[in-house]
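*Asks:* Submitted below is the structure of interest, expressed as structure tokens.
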Amino acid sequence: MNLEIQPLTNPQPGIEDENKLVFGKQFTDRMFVMEYDSGKGWHSARIQPYAPFTIDPAAMVLHYSQEIFEGLKAFRHADDSIAMFRPADNVARFNQSARRMCMPEVDEQFFLESILELIRLESRWVPRNEGTSLYIRPTMIATEAMLGVRPADQYLCYVILCPVGAYYKGGIAPVKIWISDHYVRAAEGGTGEAKTGGNYAASLYAAREAALKGYDQVLWLDAKEKRYVEEVGSMNMLFLYDGKIVTSPLQGTVLDGITRRSALSLLVEMGYKIEERALSVDEVMAGADNGRLQEAFGTGTAVVISPVGSFCYQDTCVQLGNGQPGELTMQLYNKLTGIQYGQQPDNHGWITKL
Ligand SMILES: Cc1ncc(COP(=O)(O)O)c(C=O)c1O
């Protein structure tokens, strides 16, 4: 397939103030778009000016939520070059989500090259301040106009970009986590491991309740027994428990996070034993109390590593350590961001330079 590059007509002035960037609010001048028709496959791939779409009110995505997306970042290095972190992993996960949602797969190499070309054209939007990056949002939606529950025959796949500010502006801050004993995010056999919009819509109610009670995030338990910790908002959870790293196994209910994968590789190299096993909420609460649970942190593209300061479950809140980010949490944060920003060697082949 050819990638058509359309001329840009009305470029914006660019980033006004890197210190004032708000996540997901300002988008760059161009976007990647391609279309799919069954029988014809993907076609009309192009990089075009960023613009609203016209879609039919009966478009199936609007009624039955056949939608998937990804989230990854590009980073500015000190020599002014631009690097992406494990982009092929995101493209592969995009196709895994597509399969689960009965949507057409994309040609991974073509899609990745198109994303790289889009970022090359939009390179002036990759910010330079410490901790900033360009967030990349690949998306696929069902556009066929038809009321009826079945996989659509027409799709739109697009990629938009937004410059994002440093997540931790006043230093890395621990979060207060609410463990939900009522709401669930994903059940075995459901769509938890797919990155599809419906999972996030389903999480809003509990997240709003948590926010109203003064918590930062919801930690989801398994749907069957409501006993084992799974993941948080848009992060996987890792625990330093009895000196070992414990994290929920990937059994279909948890997203296979790329930051999780990277963190686990680095932790193995640092000499830690990894236990991918069911960790119960009782172990978490008691462990924080008796010191067996030393540190806990979330991993995800947006935050990289997010230390947990306290867990609250039913009527009890427990603080982890002294409520400050743990030593290992900080070590891992520095290692991962060091690789992403080119300050530490990339020994794993995780960096793709533009
Ligand atoms: C539900 C969920 N879990 C975990 C993650 C972390 O995944 P990653 O490290 O690939 O960003 C995300 C973010 O994409 C997410 O949405």
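*Asks:* For the residue pair residue 167 and residue 265, what label-to-label distance in nm results when each label sits 7 Å from Cα along the Cα-to-beta-carbon direction?
*Replies:* Between residue 167 and residue 265, the label points sit 1.8 nm apart.
*Asks:* On to the next question. So what is the relative contact order of the chain, in percent, for Cα pairs below 8 Å that sit 6 or more residues apart?
*Replies:* It comes to 18 percent, rounded to a whole number.
*Asks:* If you don't mind, another one. Whole number in Å², please: accessible area per residue of the chain, 1.4 Å probe, ligands, DNA and RNA not counted.
*Replies:* 45 Å²
*Asks:* Roughly speaking, what is the centre-to-centre gap between the stretch 302-333 and the stretch 102-158 when only Cα atoms are used, to the nearest Å?
*Replies:* Answer, in whole Å: 33.
*Asks:* Counting other C-beta atoms within 10 Å, and keeping those with at most 12, which DSSP coil trypsin sites (Lys or Arg not before Pro) do you find in the stretch 139-228?
*Replies:* Answer by residue number: 169, 213, 224.
*Asks:* Which is farthest toward the positive dipole end of the chain among 184, 131, 71, measuring Cα position about the Cα centre, with Cβ charges +1 (Lys, Arg) and -1 (Asp, Glu)?
*Replies:* 131
*Asks:* Obtain the radius of gyration and the Kirkwood radius of the stretch 175-340 from its C-alpha atoms and give Rg over Rh.
*Replies:* Dividing the radius of gyration by the Kirkwood radius yields 0.93.
*Asks:* Considering only the chain, what is the antiparallel percent among its DSSP beta bridges, to the nearest 5?
*Replies:* Percentage antiparallel, nearest 5: 80.
*Asks:* With Cβ to Cβ distances under 10 Å as the rule, what net charge do the other residues near residue 248 carry (K, R +1; D, E -1)?
*Replies:* Net charge in that neighbourhood comes out at -2.
*Asks:* Could you identify which residue out of 297, 23, 69 has the top mean-square fluctuation in a GNM of the chain using Cα springs shorter than 10 Å?
*Replies:* Its mean-square fluctuation being the largest, the pick is 23.
*Asks:* Expressed as a whole percent, how much of the Cα-Cα distance distribution for the stretch 4-164 exceeds 21 Å?
*Replies:* Beyond 21 Å sits 48 percent of the P(r) for the stretch 4-164.
*Asks:* In debye to the nearest 20, how big a dipole does the stretch 175-340 give about its Cα centre with +1 on each Lys and Arg Cβ and -1 on each Asp and Glu Cβ?
*Replies:* That gives a dipole near 320 debye.
*Asks:* If you take the square roots of the eigenvalues of the alpha-carbon gyration tensor of the stretch 200-283 and sort them as a ≥ b ≥ c, do you get rounded (a/c under 1.5), prolate (a/b over b/c) or oblate?
*Replies:* prolate
*Asks:* Here is a follow-up. Modelling each spin label as a point 7 Å along the Cα-to-Cβ direction, I'd like the residue 105/residue 53 distance in nm, to one decimal.
*Replies:* Reported label-point gap for residue 105 and residue 53 is 2.2 nm.
*Asks:* Follow-up. With a cut-off of at most 11 other beta carbons within 10 Å, and DSSP calling the residue loop, which trypsin sites (Lys or Arg not before Pro) in the stretch 1-75 qualify? Please list them. List each step's numbers first, then the result.
*Replies:* On the way: sites: 20, 25, 30, 40, 46, 73; in loops: 25, 40.
Hits after loop and neighbour filter: 25, 40.
*Asks:* Would you please name the GluC sites (Glu not before Pro) within the stretch 33-117 that are DSSP coil residues with at most 16 other C-beta atoms within 10 Å of their C-beta?
*Replies:* For GluC sites (Glu not before Pro) across the stretch 33-117 that sit outside H, G, I, E and B with at most 16 neighbouring Cβ atoms in 10 Å, the list reads 105.
*Asks:* Also: So which cysteines in the chain don't have a second cysteine's C-beta under 4.7 Å from them?
*Replies:* Cysteines lacking a close Cβ partner in the chain: 102, 157, 162.
*Asks:* Compactness ratio of the stretch 79-160: Cα Rg over 2.2 N^0.38 Å, N = residue count?
*Replies:* Working: Rg = 15.5 Å, N = 82, 2.2 N^0.38 = 11.7 Å.
Expressed relative to 2.2 N^0.38 Å, the Cα Rg reads 1.32.
*Asks:* Compute the FRET efficiency between residue 213 and residue 282 as 1/(1 + (r/R0)^6), taking r as their Cβ-Cβ distance and R0 = 25 Å, and round to the nearest 0.05. Working shown, then result.
*Replies:* On the way: r = 21 Å, r/R0 = 0.86.
After rounding to 0.05, the efficiency reads 0.70.
*Asks:* Follow-up. Give the angle, between 0 and 90 degrees and rounded to the nearest 10, that separates the Cα long axis of helix 258-269 from the longest principal axis of the Cα atoms of the chain.
*Replies:* That helix lies at roughly 50 degrees to the long axis.
*Asks:* Still on this structure, please answer the following. As a test of the formula, what do you get for the chain when each DSSP H run with n ≥ 4 contributes -39,500 (n - 2.57) and the sum is divided by the residue count, at 222 nm and rounded to the nearest 500 deg cm²/dmol?
*Replies:* -7000 deg cm²/dmol
The values are calculated or read from the model by the stated rules, or taken from the named source; none is laboratory data. Only a predicted model underlies this, so the values are computations on that prediction, with no experimental measurement involved. With ideal geometry, Cβ positions are generated from the backbone for all residues, glycine too; neighbour counts draw on all protein chains shown. Keep in mind that these areas ignore ligands, DNA and RNA; they rest on the heavy atoms of the full protein, side chains included. Shrake-Rupley method; radii C 1.70, N 1.55, O 1.52, S 1.80 Å.
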